[in-house]
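To keep things clear, I will list the structure first and then write my remarks on it.
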Amino acid sequence: TAAERALDREAAAIGRVMKIRLYPFVPAAAEGVTITDVDGRSYLDFIAAAAVVQTGYRHPRIRQAIHDAMDGVWTAMHCCHPNTHTIDLAERLAAMLPGDFPKKVWFGTTGSDANDCLSRLLPRATGRRRLISFIGAYHGQTTGSALLSGHQTQADVIGLGNVTKVPYPDPYRCAHGPCSRDGCSLKCLEQIKYTLASVSPAADTAAIILEAVQSDGGDIVPPENFIPALRRLCDETGIWLVFDEVKTGLGRTGRWFAFEHAGVIADAISLGKPLGGGLPLSAVVGRHELLDVDTYNLFTLGGSPAPAAAGLAVIDVVSDENLKENAARMGELLQDGLRHLARKYPIIGDVRGRGLMVGVELVRDRATREPAGREAARLAYRCFELGLLVIYCGLYGNVIELTPPLTITAQDVEKALAIFDEALSDIAAGRFDDAKL
Ligand code: PMP
């Protein structure tokens, strides 16, 4: 097939380190939530290119915005000369972040560089050297370049090695015993307090950084009272509370930002993935003290005109087409349907999520909760064969993640659930050849 030929060429030409391949899929065209491969087969895309395609593929307003920007001086890089698309987007993003304090914006090209910017500037802005983040979190891959440099830029890499990882509260796998999402005793918070009294002294801790739904860690939704309690702890200790909204941000969870569900204020956030409408763009939005520190932190292509124009169009489309509201509604429909399937298939241990960031945790045994990672790989592959694209994630690779475009309809949800049902039934009956994996 054409897909096999492309994959053979890819294997010969492109390094393994830059790809995740769960099944032999090579896209050729896409429209809305449907993506077609090089052999002409169509699939319902419940990955949305790793949660990038917020507004569906080939949205006319985003294409138009990019074309218009391309007709301007789209190669005039913001690092040297300001351009109005980038300034417009900065103003929009600053206005979207809740909180009654002066805000500023920084632009990069990937989620990783936005989080790099945070980890570098937070210690400088606060005068505190340490950071706290969470086990299971994926925040990115850069920093090596600065450490390699023989330049001022490497002098700014402080805080590195001063990051303490604490457990993310997982209601399904809580080490402190049974826990419900809305009424948790928050034993894990004691562990964070202990960390602040020992290895990462509060007076030397700049920020606690987390995802309000830990996505790559397994789409874990923390107990309702966790983030508000974390905010109180930060207020008491003068520590900044910072959210990585690279995957959860811009409407996916039903609000602009996932942390807003907790009713708290963020001191700063990072954004990426959908921000450039598929073009490379990331941002940090936060207190102006953070982004006005006396140093340089810039990337040549950060905040270029065309991605910034696309970003403005993404925000407009999410607003004008009520996509946050649709994400909330479709997410509920999807989770209800999955819970219904859980009654039929004991392999489904947990269904959770916020809006259209949904996880289905697979287990071999509901009593022991033994993770079913191999089964997740089979299920994703079988869904692919039946016309639905899904991915799996989590510390044990046993959580099927569903992050469709925010434009999906109830019929799309129904179709996806029907395929998921059939795939689950095939896997349960052993109708799958592991040689394919
Ligand atoms: N933060 C989160 C929450 C992510 O999910 C990712 C990518 N999976 C990143 C940061 C890194 O983004 P990028 O791959 O664009 O560097």
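Give the stretch 386-405 a look and list any residue that's farther than 22 Å from residue 56 by Cβ and either modelled with pLDDT of 95 or more or not hydrophobic (A, V, I, L, M, F, W, C) (or both), or say none.
Our first condition is that a residue be farther than 22 Å from residue 56 by Cβ; within the stretch 386-405, this holds for 392-399.
Of everything in the stretch 386-405, those that are farther than 22 Å from residue 56 by Cβ and either modelled with pLDDT of 95 or more or not hydrophobic (A, V, I, L, M, F, W, C) (or both) turn out to be 392, 393, 394, 396, 397, 398, 399.
Tell me, which residue of the stretch 304-361 that is in contact with a strand residue (DSSP E or B) (Cβ under 9 Å, 6 or more places away or on another chain) and of a type in the set (Lys, Arg) is nearest to residue 170 (Cα to Cα)?
352
State all residues of the stretch 227-246 that are more than 16 Å from the ligand (Cβ to nearest atom), in contact (Cβ under 8 Å) with a residue 12 or more places away in the chain and not aliphatic (A, V, I, L, M); if no residue qualifies, say none.
228, 231, 234, 237, 238, 240, listed by residue number.
In the stretch 392-412, what residues are of a type in the set (A, V, I, L, M), out of contact with any strand residue (DSSP E or B) (no Cβ under 9 Å at 6 or more places or on another chain) and either surrounded by fewer than 24 Cβ atoms within 10 Å (Cβ to Cβ) or at positive phi (or both)?
Step one: list which residues in the stretch 392-412 are of a type in the set (A, V, I, L, M), which gives 395, 399-400, 402, 406, 408, 410.
Subset that is out of contact with any strand residue (DSSP E or B) (no Cβ under 9 Å at 6 or more places or on another chain): 406, 410.
Listed by number, the list holds a single entry, 410.
Residue 221 is checked against (1) of a type outside the set (Asp, Glu); (2) in contact with a helix residue (DSSP H, G or I) (Cβ under 7 Å, 6 or more places away or on another chain); (3) within 16 Å of the ligand (Cβ to nearest atom) and fails just one. What number does that condition carry?
So residue 221 meets the others, but not (2).
Inside the stretch 277-303, can you point out the residues that are part of a helix (DSSP H, G or I) and either free of Cβ contacts under 8 Å to residues at least 60 places away in the same chain or surrounded by fewer than 24 Cβ atoms within 10 Å (Cβ to Cβ) (or both)?
Across the stretch 277-303, the qualifying residues are 288, 289, 291.
Per-residue answers, yes or no, for (1) closer than 20 Å to residue 245 by Cβ; (2) modelled with pLDDT of 90 or more; (3) surrounded by fewer than 11 Cβ atoms within 10 Å (Cβ to Cβ):
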{"site": "137", "(1), (2), (3)": "yes, yes, no"}
{"site": "145", "(1), (2), (3)": "no, no, no"}
{"site": "148", "(1), (2), (3)": "no, no, yes"}
{"site": "153", "(1), (2), (3)": "no, no, no"}
{"site": "162", "(1), (2), (3)": "no, no, no"}
{"site": "166", "(1), (2), (3)": "yes, yes, no"}
{"site": "174", "(1), (2), (3)": "no, no, no"}
{"site": "179", "(1), (2), (3)": "no, no, no"}
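Across the stretch 198-241, what is the total count of residues that are of a type outside the set (A, V, I, L, M) and in a loop (DSSP other than H, G, I, E, B)?
Adding up the residues that qualify gives 14.
Go through the stretch 261-276 and give me each residue that's in a loop (DSSP other than H, G, I, E, B) and within 16 Å of the ligand (Cβ to nearest atom).
Across the stretch 261-276, the qualifying residues are 266, 272.
Specify the residue that is farthest from the ligand (Cβ to nearest atom); the eligible residues are those in the stretch 79-120 that are at pLDDT 95 or above and among the charged types (D, E, K, R).
Looking at the filtered set, the residue picked out is 100.
Within the stretch 62-74, does at least one residue satisfy the condition of being farther than 12 Å from residue 285 by Cα, among the basic types (Lys, Arg) and surrounded by fewer than 22 Cβ atoms within 10 Å (Cβ to Cβ)?
yes
Would you call residue 114 in contact with a His (Cβ under 7 Å, 6 or more places away or on another chain), in the same structural domain as residue 144 (by TED's automatic domain parsing) and closer than 30 Å to residue 30 by Cβ? Full working, then the answer.
Details: in contact with a His (Cβ under 7 Å, 6 or more places away or on another chain): no; in the same structural domain as residue 144 (by TED's automatic domain parsing): yes; closer than 30 Å to residue 30 by Cβ: yes.
In short, no.
Looking at (1) farther than 26 Å from residue 355 by Cα; (2) hydrophobic (A, V, I, L, M, F, W, C); (3) without any contact (Cβ under 8 Å) to a residue 60 or more places away in the chain, which is the only condition residue 95 fails?
The one condition residue 95 does not meet is (1).
Within the set of pairs 6 or more residues apart or between chains, which connect a residue that is more than 16 Å from the ligand (Cβ to nearest atom) inside the stretch 142-158 to a residue that is outside any helix (DSSP H, G or I) and modelled with pLDDT of 75 or more with Cβ atoms less than 6 Å apart?
156/295
Checking the conditions here, which among 313, 258 is modelled with pLDDT of 95 or more and either more than 16 Å from the ligand (Cβ to nearest atom) or among the charged types (D, E, K, R) (or both)?
313
Acidic (Asp, Glu) and surrounded by fewer than 20 Cβ atoms within 10 Å (Cβ to Cβ), is that true of residue 88?
Details: acidic (Asp, Glu): yes; surrounded by fewer than 20 Cβ atoms within 10 Å (Cβ to Cβ): yes.
Against the criterion (acidic (Asp, Glu) and surrounded by fewer than 20 Cβ atoms within 10 Å (Cβ to Cβ)), residue 88 qualifies.
Restricting to the stretch 400-437, give me the number of residues that are assigned to a loop (DSSP other than H, G, I, E, B), closer than 19 Å to residue 42 by Cβ and without any contact (Cβ under 8 Å) to a residue 60 or more places away in the chain.
Residues flagged as assigned to a loop (DSSP other than H, G, I, E, B), closer than 19 Å to residue 42 by Cβ and without any contact (Cβ under 8 Å) to a residue 60 or more places away in the chain within the stretch 400-437 amount to 0.
Look through 68, 88 and report the one residue that is more than 18 Å from residue 272 (Cα to Cα) and touching a helix residue (DSSP H, G or I) at 6+ places or on another chain (Cβ under 9 Å).
None of the others qualify; the one that does is 68.
The values are calculated or read from the model by the stated rules, or taken from the named source; none is laboratory data. From a predicted model like this one, the values you see are computed outputs, not experimental measurements. For neighbour counting, all protein chains shown are included, and Cβ atoms are generated from backbone atoms with ideal geometry for every residue, glycine included.
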